[in-house]
Amino acid sequence: MHNQDQALIFELSTPGRIGYSLPEMDVPELDLEGLLPEGYLRSEEPGLPEVSELDIMRHYTALSRRNHGVDSGFYPLGSCTMKYNPKINENVARFNGFAHVHPLQDESSVQGALELLYDLQEHLIEITGMDEVTLQPAAGAHGEWTGLMMIRAYHEANGDLKRTKVIVPDSAHGTNPASATVAGLETITVKSNENGLVDLDDLRRVVGEDTAALMLTNPNTLGLFEENIVEMAEIVHAAGGKLYYDGANLNAVLSKARPGDMGFDVVHLNLHKTFTGPHGGGGPGSGPVGVKADLIPFLPKPVITKRGEEFVFDYDRPQSIGRVKPYYGNFGINVRAYTYIRSMGPDGLKAVTEYAVLNANYMMRRLAEYYDLPFDKHCKHEFVLSGRRQKKLGVRTLDIAKRLLDFGYHPPTIYFPLNVEECIMIEPTETESKETLDSFVDIMIQIAKEAEENPEIVQEAPHTTVVGRMDEATAARKPILKYQKA
Ligand SMILES: *Cc1c(COP(=O)(O)O)cnc(C)c1O
């Protein structure tokens, strides 16, 4: 199958073929003239595809099979935590009492839903070591922005108006500087050292009276635990700044270490990553934010709280940054995360971290002989390789990623983080078997050998997919979303 042929097969319309059967009309045809404003009436046939019911069934089923998902294959997309989403989560989210509540119902009629949210907050407080949690933000980036807005409000409430700078490491996820900008703050970059960790001397140099916060991902995007995290917290606090913990990588420390205990003031979690909300299609997500006591007054309102035996929305929050999401967060994802936490239990959550880290280290060691390992040390839940050895042979990291498609794998994250040349970032997660890890590693080794012996096969990949290499920028900026009759 090649691109052009496929485009031809895609056109299934045959004049006169229909995919429906309607009863004979037994009422007079409505005269639309005069009913609709001038110009709203269609003057030509709509030009819809003319297909049978079976044609259309096969068309959509075929399209659905072209998708790759965690349920169809290995998905080691670094930084995204594409773990298996247990199906019990779906069953619980579909309970009538959860799926059919209306966001405008009176509190007294949704006590169960509010109790679930309140209890989820309590669990996340325990997991993160913070004092209070909001479940409003709809994604990690949204949580970052919410947290930074609270930090900004805190400094402003103290009359500390010159604190407008957010320090972000050069290995940070792109959302960090973006969130700082949207929160009206300015980003200052702090360098990583040769070990891939934040350079403390550089941190001391950039921190100061204008520091609003340090934003840190831990383990960082290289999969490395920031060893000097307590010292970093001390440096920033001594300068009067707040500490923001990007908790997207919680899968590496869950039930082992807590941002609150490391000295952090704010943390966001990605429930769709660590706590199994399905997120391959880009959402919906949930990005709760936890804060220490002195930031509680600034939490988005309403806050879900308990009065006696009753769960209520508390709007009486004069210093709140306001609502950050209509209604109250992405309820369905919060139900799934709650189900996951309760079904795993504390020992289960500990095992998550242990296997996530073990799986990553196992793969890293097996691959280290064939690909450059820029930071040769114990990793956490993910690791980065560099394709620079293969690049010298004319095979780029992009080629390696495309070649993996031929074997039915979703490629790892590539060219990120930016501080590693020809970066390949692999996150296996805890839910994959040793057999799956081994099969993937075997293919990666085969590709490394192909780069030496037969580079064309990698350079010209993929060979087995319906479409080959696309112009991704054009595909994203000028998508064709409408059926156009050939
Ligand atoms: C995924 C991720 C984010 C952003 O989270 P979204 O839910 O995609 O908005 C932020 N930081 C890191 C380190 C991440 O991996």
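The values are calculated or read from the model by the stated rules, or taken from the named source; none is laboratory data. Keep in mind it's a predicted model, so treat the numbers as computed, not measured. Note that we place each Cβ from the backbone using ideal geometry, even for glycine, and neighbour counts take in every protein chain shown. Surface accessibility is based on the protein's heavy atoms, side chains included, excluding ligands, DNA and RNA. Shrake-Rupley method; radii C 1.70, N 1.55, O 1.52, S 1.80 Å.
Quick notes on this structure:
- Entry comment: accessible area of the chain is 50 Å² per residue, from protein heavy atoms only and a probe of 1.4 Å.
- Here, segment 354-475 is characterised by an Rg to Rh ratio of 0.96, where Rg is the alpha-carbon radius of gyration and Rh the Kirkwood radius.
- I88-D314 FRET efficiency (beta carbon distance; Förster radius 25 Å; 0.05 resolution): 0.20
- Annotation: the antiparallel percentage among DSSP beta bridges lying fully within segment 87-343 is about 40.
- Ordering of 219-232, 426-439, 15-28 by packing [mean C-beta count within 10 Å, highest first]: 219-232, 426-439, 15-28
- Site pair Y362 and K478 shows an inter-label distance of 4.7 nm when each label is modelled 7 Å from Cα along Cα→Cβ.
- Sequence ranges 265-275, 318-328, ranked by mean other-Cβ count within 10 angstrom, highest first: 265-275, 318-328
- A simple spin-label model places the labels of N67 and D55 2.4 nm from each other, with each point 7 Å out along Cα-to-Cβ.
- Calculated over segment 1-120, the projected area of the Cα convex hull averaged across directions stands at 16.6 nm².
- Sites matching trypsin sites (Lys or Arg not before Pro) across segment 34-95 that sit in DSSP coil, with at most 16 neighbouring C-beta atoms within 10 Å: R42, R66, R94
- Kirkwood-Stokes translational diffusion coefficient of segment 295-354, alpha-carbon pairs, 4 °C, 1.567 mPa s, µm²/s: 93 µm²/s
- Segments 128-135, 281-288 sorted - mean Cβ within 10 Å per residue, highest first: 128-135, 281-288
- For segment 87-343, the spread of Cα positions along each principal axis, largest first, Å: 56, 40, 29
- The chain, helix-only ellipticity at 222 nm - DSSP H runs n ≥ 4, -39,500 (n - 2.57), divided by all residues, nearest 500: -11000 deg cm²/dmol
- Overall Cα dimensions of the chain, principal axis frame, Å, largest first: 78, 68, 44
- The simple spin-label model puts a point 7 Å past each Cα toward its Cβ; for V27 and R42 those points are separated by 1.9 nm.
- Relative contact order, whole percent, for segment 354-475 stands at 30, derived from Cα pairs under 8 Å and 6 or more residues apart.
- Debye intensity ratio in log₁₀ form over the Cα atoms of segment 82-235, taken at each q of 0.10, 0.11, 0.17 Å⁻¹: -0.51, -0.60, -1.09
- Percentage of interatomic Cα-Cα distances in segment 258-383 larger than 21 Å: 59 percent
- For segment 242-327, projected area of the alpha-carbon convex hull averaged over all directions, nm²: 7.4 nm²
- Radius, Kirkwood style, for segment 9-66 when every pair of distinct Cα atoms is counted (Å): 14.7 Å
- Under the span-like rule (Cα at least 20 Å along the axis, Kyte-Doolittle mean at least 0.0), DSSP H helices of the chain: 111-128
- With 25 Å as the limit, the listed pairs K292/K325; K83/K478; K292/K377 have K83/K478; K292/K377 beyond it between alpha carbons.
- Convex hull of alpha carbon positions in segment 334-392: directionally averaged projected area 5.5 nm².
- Length released on extending from D261 to T14, taking residue separation times 0.36 nm less the Cα-Cα span: 82.3 nm
- In straight-distance terms, cross-link reach from K434 covers every one of the aspartates and glutamates whose alpha-carbon lies under 13 Å from its own, apart from those fewer than eight places away in the same chain; here that gives D442.
- Relative contact order of the chain, pairs being alpha-carbon contacts under 8 Å that are 6 or more residues apart, as %: 19 percent
- Semi-axis lengths, Å, segment 41-87, gyration tensor of Cα atoms, sqrt of 5 times eigenvalues: 38, 15, 9
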